[in-house]
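Report on the following structure.
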Amino acid sequence: MSDKNLAKNLNRRQFVAAGAAAASVALAACDNNSGVVEGPDGTASSNDNAGDAEKTKISFVLDYTPNTNHTGIYVALDQGYFADEGLEVEIVQPPADGADALIGAGGAQMGVSYQDYIANNLASDQPMPYSAVAAIIQHNTSGIMSREEDGITHPAAMEGHTYATWNMPVEQATVKRCVEADGGDWSKVELVPYEVDDEVSGLRANMFDTVWVYEAWAVQNAVVQDFPYNYFSFISVDPVFDYYTPVIAANDDFAAQNPEAVKAFLRAVKKGYEYAVDNPDGAADILCAQVPELDADLVHQSQTFLAGQYTAEAESWGVIDPERWAAFYQWLNDNDLVANKLDVNAGYDLSFLE
């Protein structure tokens with residue numbers, strides 16, 4: 001598998017399994033006039049010459065290879081929003097054990113995580129000190145995709161078909177809940193290993209009949225490839241699945257010692273995502289210029305979709321609804337999907353979001 005194909009098609013869950021292979025994909029440099037330079041290891045950072053005043057340095061770790069979930073970060077670099085806030089931000093790829101481990105250990109001060117990953121950390125015997133500080137996207141935009149010809153337009157229709165699984169308890173419990181809520185029999189869904197880079201290619205090859213995808217990427221990839229598909233979202237079945245994925249997280253110790261820096265970072269990033277909402281094609285161009293490994297057609301298609309999702313109906317970018325956050329954690333508790341019971345109100349801190 002080439003780095004180019006990896007950058008185009010890598011699925012969030014598959015990245016966690018792929019680990020270090022994904023970390024080898026380097027970020028491309030922007031023109032230095034944009035305020036971004038490329039380091040020898042492929043990391044991207046704001047230009048040291050962008051301002052004379054001493055800047056606060058923040059290492060920001062992605063969850064996997066760059067994509068449209070991250071556009072606001074790259075726009076903030078490209079447009080000088082970080083420099084305007086007195087920050088020098090370096091974007092880095094995650095290590096083999098993932099972004100959360102690096103943030104929790106303080107190797108990166110901030111980065112990208114997910115509410116369900118934070119739940120696993122909070123439920124561990126020795127949780128690492130990090131918390132969500134802003135939501136990147138307002139709603140969970142994932143669900144089940146299938147071939148249009150199979151007529152799998154709702155969860156119960158998965159009966160008698162194969163489902164590509166990552167063999168993760170929360171994943172399988174989610175799909176099981178959807179099938180049963182729709183009156184279906186989960187035991188009649190055949191589980192097969194998820195072993196593809198591109199969900200559309202897997203469906204074309206009949207490697208599986210149904211697969212968990214993210215609408216902003218895999219579904220838009222189907223549109224770009226002119227592949228006839230069916231898709232239903234999890235939140236259309238049960239609102240408990242409207243959890244936050246992805247989020248920006250911060251190391252708790254860093255945030256406590258540098259609250260103004262975290263606030264400044266979020267101000268800059270908020271402007272970056274607002275830019276992407278107002279100008280999706282321009283934002284897509286910025287991302288493609290910095291990461292030329294990406295499929296430009298897919299980036300533009302995805303960016304257009306996400307322009308309506310970053311903020312959605314929320315009062316502003318980044319906010320987290322406490323009731324939705326707590327409802328998902330209560331569901332995890334009720335279904336014994338975490339090692340230790342969760343405080344349903346833990347794991348996020350919105351005090352840095354202005």
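The values are calculated or read from the model by the stated rules, or taken from the named source; none is laboratory data. In this text the structure is predicted, and so the values were computed from the model without any measurement. Positions of Cβ are backbone-derived with ideal geometry, glycine not excepted, and every protein chain shown enters the neighbour counts.
So that you can scan it fast, the table gives a plain yes or no per residue for (1) over 22 Å from the mean Cα position of the chain (by Cα); (2) of a type in the set (D, E, K, R); (3) closer than 23 Å to ASN333 by Cβ; (4) modelled with pLDDT under 95:
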site: ARG177; (1), (2), (3), (4): yes, yes, yes, no
site: LYS188; (1), (2), (3), (4): yes, yes, no, no
site: TYR194; (1), (2), (3), (4): no, no, no, yes
site: GLU199; (1), (2), (3), (4): no, yes, no, no
site: ALA205; (1), (2), (3), (4): yes, no, no, no
site: PHE208; (1), (2), (3), (4): yes, no, no, no
site: ALA218; (1), (2), (3), (4): no, no, no, no
site: VAL224; (1), (2), (3), (4): no, no, no, no
site: PHE232; (1), (2), (3), (4): no, no, no, no
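Listed by first and then second residue, the pairs linking a residue in segment 129-157 that is without any contact (Cβ under 8 Å) to a residue 60 or more places away in the chain and assigned by TED's automatic domain parsing to the domain that holds TYR231 to a residue that is surrounded by fewer than 21 Cβ atoms within 10 Å (Cβ to Cβ) and outside any helix (DSSP H, G or I), with Cβ atoms under 6 Å apart and 6 or more places separating them unless they lie on different chains, are ALA156/ASP182; ALA156/GLY183; ALA156/GLY184. Being without any contact (Cβ under 8 Å) to a residue 24 or more places away in the chain and either acidic (Asp, Glu) or in a helix (DSSP H, G or I) (or both): is that true of GLU260 here? Yes: the conditions hold for GLU260.
Restricted to helices (runs of 4 or more DSSP H) entirely inside segment 270-354, those with at least 3 residues that are under 20 Å from THR174 (Cα atoms) are 322-334.
This table checks each residue for (1) crowded, with 23+ Cβ neighbours inside 10 Å; (2) touching a strand residue (DSSP E or B) at 6+ places or on another chain (Cβ under 6 Å); (3) at pLDDT 95 or above.
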{"site": "HIS139", "(1), (2), (3)": "no, no, yes"}
{"site": "ILE152", "(1), (2), (3)": "yes, yes, yes"}
{"site": "GLY160", "(1), (2), (3)": "no, no, yes"}
{"site": "TRP166", "(1), (2), (3)": "no, no, no"}
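Listed by first and then second residue, the pairs linking a residue in segment 272-286 that is more than 12 Å from THR304 (Cα to Cα) to a residue that is among the polar types (S, T, N, Q) and assigned to a helix (DSSP H, G or I), with Cβ atoms under 8 Å apart and 6 or more places separating them unless they lie on different chains, are GLY272/THR71; TYR273/THR71; ILE286/THR71.
If only one of ASP100, ASP198 is out of contact with any Phe, Trp or Tyr (no Cβ under 6 Å at 6 or more places or on another chain) and either of a type outside the set (A, V, I, L, M, F, W, C) or in contact (Cβ under 8 Å) with a residue 40 or more places away in the chain (or both), which one is it?
Details: ASP100 fails: out of contact with any Phe, Trp or Tyr (no Cβ under 6 Å at 6 or more places or on another chain).
None of the other options fit; the residue is ASP198.
From the list VAL223, VAL211, VAL219, the one residue that fits, being part of a strand (DSSP E or B) and either over 23 Å from VAL179 (Cα atoms) or in contact with a strand residue (DSSP E or B) (Cβ under 6 Å, 6 or more places away or on another chain) (or both), is VAL211. Taken over segment 88-98, the criterion of being at pLDDT 95 or above and either surrounded by fewer than 24 Cβ atoms within 10 Å (Cβ to Cβ) or touching a Gly at 6+ places or on another chain (Cβ under 7 Å) (or both) is satisfied by GLU88, GLU90, VAL92.
Of all residues in segment 285-313, which are surrounded by fewer than 23 Cβ atoms within 10 Å (Cβ to Cβ), among the small types (Gly, Ala, Ser) and either over 16 Å from GLY272 (Cβ atoms) or under 17 Å from the mean Cα position of the chain (by Cα) (or both)? The answer is ALA296, ALA307, GLY308, ALA312.
Considering TYR348, TYR275, TYR310, which residue is in the same structural domain as ALA135 (by TED's automatic domain parsing), under 20 Å from TYR114 (Cα atoms) and among the hydroxyl-bearing types (Ser, Thr, Tyr)?
Exactly one residue qualifies, and that residue is TYR310.
The requirement of being at pLDDT 95 or above, in the same structural domain as ALA105 (by TED's automatic domain parsing), closer than 27 Å to ASP295 by Cβ and surrounded by 21 or more Cβ atoms within 10 Å (Cβ to Cβ) is not satisfied by VAL262. The residue that is farthest from the chain's Cα centre (by Cα), counting only those in segment 314-323 that are closer than 15 Å to ILE136 by Cα and among the charged types (D, E, K, R), is GLU315.
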